[in-house]
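The values are calculated or read from the model by the stated rules, or taken from the named source; none is laboratory data. Given the structure is predicted, the values throughout are model-derived calculations rather than measurements. Backbone-built Cβ (ideal geometry, glycine too); neighbour counts: all protein chains shown.
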């Protein structure tokens, strides 16, 4: 995913391919994908939905509610399903970088097994590179470096090592 807008489009198409949803529910489900520290505001969500409607990827329906207000429900179109399918089968370095990987992994089921392995292997390589850089920084830390910065590097290395082990298990499982 080249940009946050691309990641957002992919995630919205993925959610809407599962079932039609209204804006509030989309935002809530996006929060479970992006995590609690990257809230998705309505000022980002609704313009993205509008762009996707203009592109013919989704459609909206006004649904009369039992409460005071009607709700707009969004649903994926055939064109949107085709786009989502194409995106799930696209593998590039963006798919294993931090944000791209999280989004792709959230919708791994529709991705072919061959491409899931390619993405997992790409992520594995990327994290091994990152871990080596962190190891090097820890080994050559200058005397007097801030102890909290050094601790953060150690924590980051531990996190990368745990994810590398997890990825190795995922790759083995996926190849079976």
Kindly indicate whether residue 49 is part of a helix (DSSP H, G or I), modelled with pLDDT of 85 or more and buried (at least 16 other Cβ atoms within 10 Å of the Cβ).
yes
Of the listed residues (4, 29, 71), the one being touching a helix residue (DSSP H, G or I) at 6+ places or on another chain (Cβ under 7 Å) and in contact (Cβ under 8 Å) with a residue 12 or more places away in the chain is 29
Residues of region 74-125 being out of contact with any helix residue (DSSP H, G or I) (no Cβ under 8 Å at 6 or more places or on another chain) and farther than 27 Å from residue 160 by Cα, in sequence order, are 77, 78, 79, 82, 85, 86
Would you confirm, using the coordinates I've provided, whether residue 12 is within 15 Å of the chain's Cα centre (by Cα) and part of a helix (DSSP H, G or I)? yes
Restricting region 9-20 to residues that are surrounded by fewer than 19 Cβ atoms within 10 Å (Cβ to Cβ) and in contact (Cβ under 8 Å) with a residue 24 or more places away in the chain, the one nearest to residue 98 (Cα to Cα) turns out to be 17
Here the residues within region 32-46 that are in a helix (DSSP H, G or I) and out of contact with any helix residue (DSSP H, G or I) (no Cβ under 9 Å at 6 or more places or on another chain) are 43
In the set 92, 156, the lone residue that is over 23 Å from residue 51 (Cβ atoms) and surrounded by fewer than 18 Cβ atoms within 10 Å (Cβ to Cβ) is 156
